[in-house]
Structure formats: C-alpha cells, structure tokens
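This is the structure I want to talk about, given as structure tokens.
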Amino acid sequence: MPPASRAGDADARYNGSSDPLSTRAKRGANTSESHAVAEESRTSFDPMSFDRPHESLLTYYILISLCGVIFAPFIFIPHLIKYKTMRYTFDHEGVSMKWGFFFRKEVYLTYRRLQDIHVTRNIIERWLGLAKVPIQTASGTSGATMTIEGCRDAEALRDHLYTRMRGAREGQVADGESGAHADDDDDPVVLLREIRDALRDLHREHPS
Amino acid sequence: MTAQVERAAEWVYRGIWRVLSSWFCVPQHPPTLPSHGGEVRSFHPSIQFLKYLKLYFWIVLIVIDLLLIAAWGAVFWLNPLVGLLLSPVFLFVIVVPDVLAYIAIHLRYDTTWYVMSDRSLRCRRGVWVIGEHTVTFENVQDVKVHRGPIQQLFGIAKIVVETAGADEGEGENQFHIGNKAVLEGIDNPDELRGLIMDRVRTSRSAGLGDERLPQKAPVRWGADEVALLHEIRDAARGLA
C-alpha cells in the first residue's frame, strides 16, 4: 500500500522536512523554474502563498469517502464542495479561512489570540504527506476554532503560527518591567524618603 | 532462557518499529521546539507509567482469559468433539489479543513525547493518529495535577495544563482537539508543575491575548514636582 518511493527516514517525512520539500523542489524543476527558487522555498515556508489546499487533500477525501461504502457519494459531495471552495488568507496579523457553497462559513482570527496549536495526522494523511492543523483561541467552543487542512508542510505552518503566538518570542514576557526605574535621583519616592530622613536628622539634632 | 526470550522480544519489537516507521510514517525522534537559549527538555512518561499500564493489562487479561477458558471448558463438557475442534479458535482468541495489547502498550509509551522549553510545551502521542499539541506558557490559565490511588502507588501523576476555554471533561479523550495539554505518567509532578507555574506567574497578562494593553501607569510626578522636591530636600538638608 505505501509507495516504495516513500521508504526512508520516517522522521524526515513525518516532519515534512524532506518529502514535501523535495517534491516541491522537483515540481519547481519540472515547471522549469530555476533551482534558486526551489532553494528559496526550501528555507522558508511562505504561508502568504498558501491559499488553496494541496491536491492530495482531494485524494484524501476520496479515500475517506470510500470508507462509507454505499454512502460514499453522500460523504464525498460535501467534501468535494469543501475542497473546491476552501480558501485561506494569511496576513501579518492573522489568518482567515472560508469554505462552503450552500452553507458558507468564514473564520477570522489573529495570531496573537492563538492559544493551542495542534497537528494531527492519521495514517492516510501521513501516506499522502498531509496534516490537519487545528488551532484554537480562548473561545468556549469545543473542538478547534479553525482547522487548516491540506497543508503539505504542516511543520513549517505550525512554526509560522507558533512564532507569532503570544509568549513564543523574546521580549514579550518582560515588557511591563522596562522603564520602571528610570533614574533613582528623580524618583519622587526616593526624594520624599530623603526629605523625611533629613527632617528626622534635623529633629534629632534640635529636639524642640 | 529468559535472556533469550528478552532478546527475541526486543528483536520482534524493533521489527515492528521498523515497519511502523517506514510504512506507517511513525516518527522515532521527539518533536522539537525552537529554543531561545533556554534548555529544551524532551522526555517520555516515567517508566512507572509503563508498569502502571501493564498492571491494568494483567488484570484485564486474567479476567477475560479466565472467562474464555471457562467457556472453553463448558463447551468441552457439553460436547468434547466440538471442544476439541474449537480449541485452535479458543487458543487464538485467548493469546493473540493479549500479545497485541502488550505491544500496543509499549508503542503507546514509546510514541508519547513531552517537550518543554522555557516558553512552551509540546506533547505528541499516538501511533495510528498522531496528535501534537503546542501551548505557550503565556497562554496557560491553570495547571491541574491528578493522582489516582493506583497512580499514587506507582508514584506517578497526570498533569493537565489548561488554556482559556478548556471544557470540563474534554481531556478524557486523548485525541480531542481541546485546550488541554495532558501529561500522563509524570513521576516528578511537583517539579514540573512548579516550572510551569513559575512561567505562568511571571507572565504579566491574563493570558487572553492582551499583552500589548498598556499597563495601568502608576501616578508619576512631573518634572516640575520633582524639581520642587529636590529643592525641599536640599532645604531640609541645609537645615540639618
């Protein structure tokens, strides 16, 4: 069942650092793009260009529909609509996603309010090099706020989200502390204390 | 003899792992976390957790196998010929699920990884469905530590790290996409809990995405007032 070309180091494939990238690099070569472009895409995943799920998501949907045996068409049609209409928009502040034809859904969220990033892969998804990236905000919905599907490079996507969520970078935790002690000599509390001490000394030297 | 059995078991287990990793793309190495100079720890649950799981395994095994053997005996008693014919079936049903369950326990243990940096926590678990969960400590609302009676016996605990919006009971299912990161089988829960809560305590926000809100500025005296205070202090000192 698993294609022979996929034999190799499981970790590299699981982490998406080898297979999706190498296929992408291959595709880049096939469409006669320069190798430099392929090299470029190897170093950084560009979520801005990720607006449609990868084609293998359709394969995945077909496979899971087939699990429904006689109900396969009824499972497949909503998934096909979802696949065809799914659009992502990543920008510097957040991500939005919309899908649906009869019932259209749109989800908007900002990276900063992300709380949990999951990455789940079942076995079929792993064979296809796919992953689901359900992400959550603090809303009380049970289940994911948004599930990003059809990403071939889920680890890069996860890292993209992770580095933009709160608390993942330097200098965010200690923000409130800077500037608290500007200059001791100009601190009114210090000054007042000094005045008090000076007056006390005065009092001690000249008791009334 | 036992050493040989152990070696054979290890060999079989490694073979299973090879199949899992090359055919089923199960990663063998722990997940990574970007480090910011701080130490990144990655660890499995405590080895006690494995024993804890095996205890349940043996209890269930004994109960079910005794029932199956009783059923087999009953068939024998009613009709020895049918009992004899059914013996391969019974042996299969008695032995094979046990072996599979035993392997599954080991796989569950070996595929459960916890990775902790000074900023975040990542858990990964699962063989068929591999789920990974990342939370930053900045977003953590509370930490719960559960110790059941048998867990206490083994000296392990379950730590549940919750972010805002976590639902009661959602952590029951391991693979629920929830706001709870569950660390099972931890043998130093107090240390881990302390580490996590230290990070949460140093956080200046409520953990709800408000870190850029201006802190309520303390009332400060302006330059004029400070200059005046300087004068008063110097005057007071002059008097002294």
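Read-outs: derived from the displayed coordinates by stated rules, not from any lab. Note that the coordinates shown come from a computational prediction; the quantities given were computed from them, not determined experimentally. Note: ideal-geometry Cβ built from the backbone for every residue, glycine included; neighbour counts use all protein chains shown.
For a footprinting-style exposure proxy, rank B:H106, A:H118 by other Cβ within 10 Å, fewest first.
B:H106, A:H118
On a 0 to 90° scale, report how tilted helix B:2-23 is relative to the longest principal axis of chain B, with both axes built from alpha carbons and the result rounded to the nearest 10.
70 degrees
Using the number of other C-beta atoms within 10 angstrom as an exposure proxy, rank A:F102, A:F50 with the fewest first.
On the way: A:F102 6, A:F50 21.
Ordered from fewest to most neighbouring Cβ atoms within 10 Å, A:F102, A:F50 come out as A:F102, A:F50.
Pairs A:K132/B:K51; A:K84/B:K180; A:K84/A:K132; A:K132/B:K54: which are spaced more than 26 Å apart, C-alpha to C-alpha? It would help to have the intermediate numbers written out before the result.
Working: A:K132/B:K51 33 Å; A:K84/B:K180 33 Å; A:K84/A:K132 17 Å; A:K132/B:K54 32 Å.
Among A:K132/B:K51; A:K84/B:K180; A:K84/A:K132; A:K132/B:K54, the Cα-Cα distance tops 26 Å for A:K132/B:K51; A:K84/B:K180; A:K132/B:K54.
Can you list residues whose amide H is under 5 Å from B:N179's amide H, if they're 5+ apart or on another chain and H is modeled 1.01 Å from N?
HN-HN under 5 Å from B:N179: B:D167.
What Rg and what Dmax come out for segment B:6-52 when only alpha-carbon atoms are used, in angstroms?
14.9, 43
For B:W77 paired with B:W23, estimate the spin-label separation in nm (one decimal), with each label point 7 Å from Cα along the Cα-to-Cβ line.
4.3 nm
Most exposed first by the Cβ proxy, i.e. fewest other Cβ within 10 Å, how do B:F154, B:F137 rank?
So the ranking, lowest neighbour count to highest, is B:F154, B:F137.
On to the next question. Dipole of chain B, Cα-centred, from +1 at each Lys and Arg C-beta and -1 at each Asp and Glu C-beta, to the nearest 20 debye?
About 400 debye.
Separate question: How far apart, in nanometres, would the label points at A:L66 and B:A70 be if each is projected 7 angstrom from Cα along the Cα-to-Cβ direction?
4.5 nm
Looking at segment A:46-137, which GluC sites (Glu not before Pro) are in a loop (DSSP not H, G, I, E or B) and have at most 13 other Cβ atoms within 10 Å?
Counting only loop positions with at most 13 other Cβ atoms within 10 Å, the GluC sites (Glu not before Pro) in segment A:46-137 are A:E55, A:E93.
For chain B, what is the mean residue ellipticity at 222 nm derived from helices alone (per DSSP H run of n ≥ 4: -39500 (n - 2.57); sum divided by total residues; nearest 500 deg cm²/dmol)?
Numbers: 6 runs with 122 residues, N = 240.
Estimated from H runs of four or more residues: -17500 deg cm²/dmol.
Which residues does a label at A:V107 reach in segment A:59-99, if reach means a backbone N under 11 Å from a point 7 Å past the Cα toward the Cβ?
A:96-99
With axes computed from alpha carbons, what is the tilt in degrees of helix B:223-239 against the longest principal axis of chain B, rounded to the nearest 10 within 0 to 90?
Result, in degrees: 60.
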